[in-house]
Amino acid sequence: MANATKPEKKTLDQRRAEHAWQAVQAVNPNKKDQEAKKKFEEFCRQAKKLPVRIIASGLGQALAFLKAKNYAPKLLVALGDWVLDKRINPDSKKPEPDDMALLKAVVEGDAEFLRWATDEVLAYLQWLVRFADAEGSEGSATTD
Amino acid sequence: MAMIVPLPKSVRDLVRENTHLGLQLDKYVQSWNEELFSKPGDDTGKLSERVQKPTVELIARKSRTEPPGLNYAGLFARWQAVAAARGAMTFKAKTVGPLTLHLARASALENAGICLHPIYGFVYLPGTGLKGMARAFAETVWLPTQTDQKKAWQQIEDVFGWAPNPDRVKQIRDPHHPAEVRHDPSDPRTEITASSGQIVFLDAWPEKWTPLVVDILNNHHFSYYQNQEPPGDWDSPRPVYFLAVSAGHTFCFALAKRRADVPDELLQLATEWLVGALEYEGAGAKTASGYGSFKLTETPKLFSSDNIDKTWKGALAKQKRAEFTCTLELVTPAFLAGPLQKEEDCELRPATLRGMLRWWWRTMHAAHVDAATLYRMESAIWGDTNSCGAVRVTVEPLDNVKPVLFDKNKVRDENKLPAPPNKRTTQGLNYFTFGMDDMRRENGQRQRYQRYYIMPGAKWRVTMRVRPKIYEIKNDKGIVIEKWDLSVSDVLPQAQAALWLLCYYGGVGSKSRKGFGCFDVPAELSSWNLEKCKEVAAKFRKACNRSTQKGCDAPTLETMISGEELPVGWKNVWWILDRIGAAAQAFAQQYAKNAQKLALGLPRNVRGRFNLGEHVAKTNRHASPLIFHVGRQNGNYVVRCVGFPSPELPADRTRKASQNFLTQAIQTITANLKSAFSNSQGAAMQPARFPTGQPGQSPGAGARPTSAPAPSLPTLKSGDEVEVTIVEDPKGKGRLFAKHEATGLVGNIIDPNNVPDKTIGAKIHVFIHSINMKQKQIQFKAKK
């Protein structure tokens, strides 16, 4: 019971969820802005497809594809920010990296980093996809 | 700016050692270039050209031979041994057209995939897919032909198994559906809610190591299919490259009983369903475009082809399917091509034919419905990315399908085509075959680029198989709010009308609007005419419950301008095509320095003001609104010309301006042709000659017709105005060079800044700055 008064330290998974939630909220349009809504829908669609793409083609290929198509730049930014910074330094105040940061880290890193980053991205995407799913479907339900 | 595989360097260095095609396709694609992708505003939509095309080309190249150390024959023998040990019944079938599958699989490429074995990397057909297609055939084709529906449904369930899923629960509740609750035969009080299927569908392996080929899907109306914008002729095509297996490759199929006590009857039924599906409906992806057709080459033991015939005929009688077969015969040379544009893919691809059928089908409806409705109706008939179309088109080559290398000079010489009247005019044939035989720069060297064509007289058997379909409207949440059943008798006439329009007014392949690639109207469609097409179109809109509304900005039959039909007594088709080109050129020459010429289509190098529509202004493209057709009537040739007024040439939604200009164009060209055709010139009355144009052959006779002056190099002097084609700098120094086609002289343009269009291949008018015929030197000066 003594622990209940102390603020509990967040687990890694809770931190993933928190970051992913914020990433989804940052793209989720509050107003009835059709353009922003379309971008958000694309963000959700790409987030949902990303895990399968990573499993089929590898992290580097999946990120390169997203970047080439420019479907959801904010998704790439969120992944880079989490994997390269906030995952390791929870209190980091560094600004978000650009949308190619994670991909560059893969190309410049070693096989060990690629394995670790792939696991981390997949774990993070579990949360992001859940939130994108929930927020995305709510978004379309309010269109009328 | 080379692309790299986005992997750590240590792994990247090993990638070249890879021999597994599946890994190459999925994981080792050269898809990343930091510099290229970091440019803001860079056109990233070129993924297909930059990444996909080189990748599938590489895989096709690697697949030509078996990877070292694989020993496919040994693997296949093992597969046969496993099938035999399992007591499986095997049979063989050969691809009769292209085959592709697993296109839409999520990967780092878009729709490029094919199903490659995860361990060995060869192409195969997974048992899951075969089971699915056999079930679809059983339910939609075989079941309706059975008298005892309940027994038939039980047999389907016995073969494929059942589970307490929502679909089955719904089927059992539906009094019109033959599904029933299943009980244990030994204990009728016990319900069996689920059971595995009694027949095992094994993966089908190729008999030998099978090479892959690069195939192409060319979306000509991206914004229409993506955003339901009007499908005008201003769109730029977007090619997508993918992998396929070509015709003539044998695969081995195997089906086995789950247990020894499964009755033979079930095994036979499953086999017949699978063979029926392979032969009539197609396997894998893009079956509506004729992909995935198989022909049985080794029959299974328990099997009767009569049963399949009976089933198919029964399905036709019950209107579960409809079928139309006809023979298409080529009247004019057709520049057909696949992704390679070489001899091996100069063929009539069902996808090409379907694309043209879609275009002509839209002309029947575009005046009556908006773009979104047109898109929905088109999806119902011809399919979209979400669902298969109602019409499947297969094409089988019959006679005389022979690709010939196009050599415009040999065609001109051997057929004694009349020389142009003056040095400012190009040969009519060359005018209308621009790009089919010219010089291009490839790998830093100027090379002659020639396309192949199929000679007239080639024949194909075209089969259109139609299934019932639902026309549905969804709201923006994707919920169906309206749906109308379309029977096969609603759908088939749509396909027939489109085919008639194509054969009567249009053509296929490159230059199809210039009279090339025209078919004779097949005897099976001889009772059709324009009125009948409009009638069946109206009937179809009624079946979809679409009342006439404001149309969309696409070519329509309602605004089509028809020129006078011109019977031609000539026997030489090259002469006819040459004269059509010459007449069209003569008309365009009247507007040589007039921007109004843009009303004949873009890109075109003309200066001046012309009020283009928004789409054309954006793409700088618009296919020619005039379509020339050379057909046959009572054994003679006949020339038709139709115009489709455009709302964007110039920007005028009423299309009046375009209509007036095209009417004038058609009248002038028709009058010109009429007078040309009235002369029975010697060579025109001789059958056409089709020089092969293969290197090493002696040049043609070279004699020109007596009615025209003998060819001689035109006498040119400084200050003469000539038409030239912009070509590459022969030394690759980036200077602006042009070629004078009539003399073949190539020289630089001394004041390149005054040239408005510097695109290679652009035709412009310049003055001769200096010329020395003996030394074959020339320099041009741009017009200010």
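Side notes on the structure shown:
Every residue, every condition in (1) over 16 Å from the mean Cα position of the chain (by Cα); (2) polar (S, T, N, Q); (3) in a helix (DSSP H, G or I), yes or no:
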{"position": "A:46", "(1), (2), (3)": "no, yes, yes"}
{"position": "A:49", "(1), (2), (3)": "no, no, yes"}
{"position": "A:53", "(1), (2), (3)": "no, no, yes"}
{"position": "A:62", "(1), (2), (3)": "no, no, yes"}
{"position": "A:78", "(1), (2), (3)": "no, no, yes"}
{"position": "A:98", "(1), (2), (3)": "no, no, no"}
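- Residue selected from the range B:154-179 under the condition touching a helix residue (DSSP H, G or I) at 6+ places or on another chain (Cβ under 7 Å) and either of a type outside the set (Asp, Glu) or not in a helix (DSSP H, G or I) (or both), by the criterion most open to solvent (accessible area, probe 1.4 Å): B:177
- Test for residue B:571: is it outside the structural domain of residue B:378 (by the TED database) and surrounded by fewer than 18 Cβ atoms within 10 Å (Cβ to Cβ): yes
- Candidate set: the range B:94-108, residues that are within 11 Å of chain A (Cβ to nearest Cβ) and open to solvent by less than 20 Å² (accessible area, probe 1.4 Å); chosen: the one nearest to residue B:275 (Cα to Cα): B:107
So that you can scan it fast, the table gives a plain yes or no per residue for (1) open to solvent by 70 Å² or more (accessible area, probe 1.4 Å); (2) touching a Phe, Trp or Tyr at 6+ places or on another chain (Cβ under 9 Å); (3) of a type in the set (Ser, Thr, Tyr); (4) away from every other protein chain (no Cβ under 13 Å):
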| site | (1), (2), (3), (4) |
| --- | --- |
| A:48 | yes, no, no, no |
| A:64 | no, yes, no, no |
| A:87 | no, yes, no, yes |
| A:101 | no, no, no, no |
| A:114 | no, no, no, no |
| A:123 | no, no, no, yes |
| A:126 | yes, no, no, yes |
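- For the range A:76-85, a residue qualifies if it is under 13 Å from residue A:22 (Cβ atoms) and open to solvent by 10 Å² or more (accessible area, probe 1.4 Å), and exactly one does: A:77.
- Matching option when the condition is closer than 30 Å to residue B:348 by Cβ and not assigned by the TED database to the domain that holds residue B:263, among B:140, B:95: B:140
- Out of B:687, B:714, B:691, one residue alone is at pLDDT 85 or above and open to solvent by less than 40 Å² (accessible area, probe 1.4 Å). It is B:691.
- Residue ID - farthest from residue B:554 (Cα to Cα), chosen from residues in the range B:648-684 that are open to solvent by less than 10 Å² (accessible area, probe 1.4 Å) and out of contact with any strand residue (DSSP E or B) (no Cβ under 7 Å at 6 or more places or on another chain): B:684
- The range B:180-197 residues that are assigned to a strand (DSSP E or B), paired with ones that are surrounded by 11 or more Cβ atoms within 10 Å (Cβ to Cβ) and hydrophobic (A, V, I, L, M, F, W, C) (beta carbon under 6 Å, 6 or more apart): B:184/B:192; B:195/B:162
- Contacts under 7 angstrom Cβ, first residue in the range B:737-759 being farther than 16 Å from residue B:606 by Cα and modelled with pLDDT under 80, partner hydroxyl-bearing (Ser, Thr, Tyr) and open to solvent by 20 Å² or more (accessible area, probe 1.4 Å), 6 or more apart: B:741/B:426
- Residue within the range B:387-398 that is more than 22 Å from residue B:239 (Cβ to Cβ), touching a Cys at 6+ places or on another chain (Cβ under 7 Å) and open to solvent by less than 50 Å² (accessible area, probe 1.4 Å) present: no
- The criterion of at least 2 residues that are among the hydroxyl-bearing types (Ser, Thr, Tyr) is met by the following helices (runs of 4 or more DSSP H) wholly inside the range B:345-434: B:350-365, B:371-382.
- Residue selected from the range B:1-10 under the condition within 11 Å of chain A (Cβ to nearest Cβ) and part of a loop (DSSP other than H, G, I, E, B), by the criterion farthest from residue B:54 (Cα to Cα): B:8
- Tally of residues being part of a helix (DSSP H, G or I), within 14 Å of chain B (Cβ to nearest Cβ), open to solvent by 10 Å² or more (accessible area, probe 1.4 Å) and in contact with a helix residue (DSSP H, G or I) (Cβ under 7 Å, 6 or more places away or on another chain) across the range A:66-75: 2
- The lone exception for residue B:344 - which of (1) farther than 30 Å from residue B:536 by Cα; (2) in contact with a helix residue (DSSP H, G or I) (Cβ under 8 Å, 6 or more places away or on another chain) it fails: (2)
- When the test is whether a residue is open to solvent by 30 Å² or more (accessible area, probe 1.4 Å), at pLDDT 95 or above and out of contact with any helix residue (DSSP H, G or I) (no Cβ under 9 Å at 6 or more places or on another chain), residue B:147 passes it.
- Residue list for the range B:308-345, restricted to those being buried (at least 16 other Cβ atoms within 10 Å of the Cβ) and polar (S, T, N, Q): B:311, B:327, B:332, B:341
- Within the range B:623-645, at least one residue is within 16 Å of residue B:595 (Cα to Cα), at pLDDT 90 or above and open to solvent by 10 Å² or more (accessible area, probe 1.4 Å).
- Residue check for residue B:56: at pLDDT 90 or above, touching a strand residue (DSSP E or B) at 6+ places or on another chain (Cβ under 9 Å) and either away from chain A (no Cβ under 14 Å) or part of a loop (DSSP other than H, G, I, E, B) (or both): yes
- Flag if residue B:678 is on the phi < 0 side of the Ramachandran plot and either aromatic (Phe, Trp, Tyr) or modelled with pLDDT under 90 (or both): no
- The numbered conditions (1) in a helix (DSSP H, G or I); (2) over 22 Å from the mean Cα position of the chain (by Cα); (3) in contact (Cβ under 8 Å) with a residue 40 or more places away in the chain are all true for residue B:225 except (2).
- Some residue of the range B:59-72 being open to solvent by less than 70 Å² (accessible area, probe 1.4 Å), under 30 Å from residue A:48 (Cα atoms) and assigned by the TED database to the domain that holds residue B:263: yes
- Some residue of the range B:11-18 being more than 10 Å from chain A (Cβ to nearest Cβ), touching a Lys or Arg at 6+ places or on another chain (Cβ under 8 Å) and open to solvent by less than 40 Å² (accessible area, probe 1.4 Å): no
- The set of residues in the range B:20-47 being at pLDDT 75 or above and within 7 Å of chain A (Cβ to nearest Cβ) consists of B:26, B:27, B:29, B:31, B:32, B:34, B:37, B:38, B:47.
- Only residues that are open to solvent by 20 Å² or more (accessible area, probe 1.4 Å) and either of a type in the set (Gly, Ala, Ser) or at positive phi (or both) were counted in the range B:261-284, giving 1.
The values are calculated or read from the model by the stated rules, or taken from the named source; none is laboratory data. All of these numbers come straight from a predicted model, not from anything done at the bench. Please note: Cβ atoms are built from the backbone with ideal geometry, for glycine as well, and neighbour counts cover all protein chains shown. Calculation scope for accessible area: heavy atoms of the full protein, side chains included, ligands and nucleic acids excluded. Shrake-Rupley method; radii C 1.70, N 1.55, O 1.52, S 1.80 Å.
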